[in-house]
Amino acid sequence: MQKLTGKCLCGAIMYEINGELGPIVNCHCSKCRRWHGAAFRTRCTIKSKNFKWMQGENNLSKYHSSKNVIKTFCKICGSSLISMYEDKPDYIGLPIGGLEQDPGSRPIANIFVGSKSPWYEITDHLPQYDELPSEDIDSILQKE
């Protein structure tokens with residue numbers, strides 16, 4: 001079983017993942033871009049039961065970014081942390097940038113390319129989806 005750790009910029013919040021990561025994707029939606037202050041957010045989905053706060057959960061702030069999605073961040077340094085899904089409580093969205101180890105896999109696709117930043121050109125050779133690929137969403141985002 002894979003064990004990974006991660007933390008926020010100031011180190012006040014630390015977490016641990018015990019289990020496999022779902023497929024890693026680059027999300028270009030406007031909410032992820034704004035939340036991370038970047039051209040895209042590299043993320044995966046993990047099972048909630050495999051995630052544990054190790055330190056600093058009292059420094060966690062939450063924001064409802066849409067109907068069923070809660071974004072979390074450190075109230076001290078502002079680092080973007082996990083996403084929680086009220087309609088899918090068994091899963092968590094995990095930004096790969098906060099991990100301290102190599103997750104052992106690489107991004108497999110670019111999603112929400114239809115709303116990507118106009119100043120950013122995607123130059124990798126990964127598949128591109130204008131939104132979430134409806135035909136195989138489970139295999140792309142929830143393949144634990």
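Give the residues of segment 35-68 that are of a type outside the set (D, E, K, R), closer than 24 Å to residue 105 by Cβ and open to solvent by 20 Å² or more (accessible area, probe 1.4 Å), sorted by residue number. Lay out the reasoning, then the answer.
Keep residues of segment 35-68 that are of a type outside the set (D, E, K, R), which gives 35-40, 42, 44-46, 48, 50-51, 53-56, 58-61, 63-66, 68.
Right, trim to closer than 24 Å to residue 105 by Cβ and you get 35-36, 38-40, 42, 44-46, 48, 50-51, 53-54.
Residues satisfying the conditions are 35, 36, 38, 40, 42, 48, 50, 51, 53, 54.
Looking at segment 101-112, can you tell me whether even one residue there is of a type in the set (Val, Ile, Thr) and surrounded by 11 or more Cβ atoms within 10 Å (Cβ to Cβ)? Working first, answer last.
Going residue by residue through segment 101-112, those that are of a type in the set (Val, Ile, Thr) are 108, 111.
Now restrict to residues that are surrounded by 11 or more Cβ atoms within 10 Å (Cβ to Cβ): 108, 111.
Scanning segment 101-112 turns up at least one residue that is of a type in the set (Val, Ile, Thr) and surrounded by 11 or more Cβ atoms within 10 Å (Cβ to Cβ).
Kindly evaluate residue 19 against the criterion of being of a type in the set (Gly, Ala, Ser), in contact (Cβ under 8 Å) with a residue 60 or more places away in the chain, open to solvent by less than 60 Å² (accessible area, probe 1.4 Å) and touching an Asp or Glu at 6+ places or on another chain (Cβ under 8 Å).
Working: of a type in the set (Gly, Ala, Ser): yes; in contact (Cβ under 8 Å) with a residue 60 or more places away in the chain: yes; open to solvent by less than 60 Å² (accessible area, probe 1.4 Å): yes; touching an Asp or Glu at 6+ places or on another chain (Cβ under 8 Å): yes.
It is true that residue 19 is of a type in the set (Gly, Ala, Ser), in contact (Cβ under 8 Å) with a residue 60 or more places away in the chain, open to solvent by less than 60 Å² (accessible area, probe 1.4 Å) and touching an Asp or Glu at 6+ places or on another chain (Cβ under 8 Å).
If you go through segment 8-33, how many residues are assigned to a strand (DSSP E or B) and closer than 17 Å to residue 83 by Cα?
The total comes to 8.
Does residue 143 count as modelled with pLDDT of 95 or more, among the basic types (Lys, Arg) and either surrounded by 14 or more Cβ atoms within 10 Å (Cβ to Cβ) or within 16 Å of the chain's Cα centre (by Cα) (or both)?
no
Could you please let me know if residue 68 is over 20 Å from residue 2 (Cβ atoms) and either polar (S, T, N, Q) or in contact with a Phe, Trp or Tyr (Cβ under 8 Å, 6 or more places away or on another chain) (or both)?
Judged against the criteria, residue 68 is a match.
Given the options 5, 42, name the one that is in a strand (DSSP E or B), under 30 Å from residue 118 (Cβ atoms) and of a type in the set (Val, Ile, Thr).
42 is the lone residue from the list that is in a strand (DSSP E or B), under 30 Å from residue 118 (Cβ atoms) and of a type in the set (Val, Ile, Thr).
Quickly run through segment 110-129 and pick out the residues that are hydrophobic (A, V, I, L, M, F, W, C) and under 15 Å from residue 32 (Cα atoms). Give the derivation first.
Taking segment 110-129 as the starting set, the residues that turn out to be hydrophobic (A, V, I, L, M, F, W, C) are 111-113, 119, 122, 126.
Across segment 110-129, the qualifying residues are 111, 112, 113.
Select from segment 81-93 the residues that are assigned to a strand (DSSP E or B) and open to solvent by 30 Å² or more (accessible area, probe 1.4 Å) and list them in ascending order.
84, 85, 91
The values are calculated or read from the model by the stated rules, or taken from the named source; none is laboratory data. Bear in mind that the values here come from a model prediction, so they are computed numbers and not experimental data. Cβ sites come from the backbone with ideal geometry, for glycine too, and all protein chains shown count toward neighbours. Note: accessible area is taken over every heavy atom of the protein model, side chains too, but ligands, DNA and RNA are not part of it. Shrake-Rupley method; radii C 1.70, N 1.55, O 1.52, S 1.80 Å.
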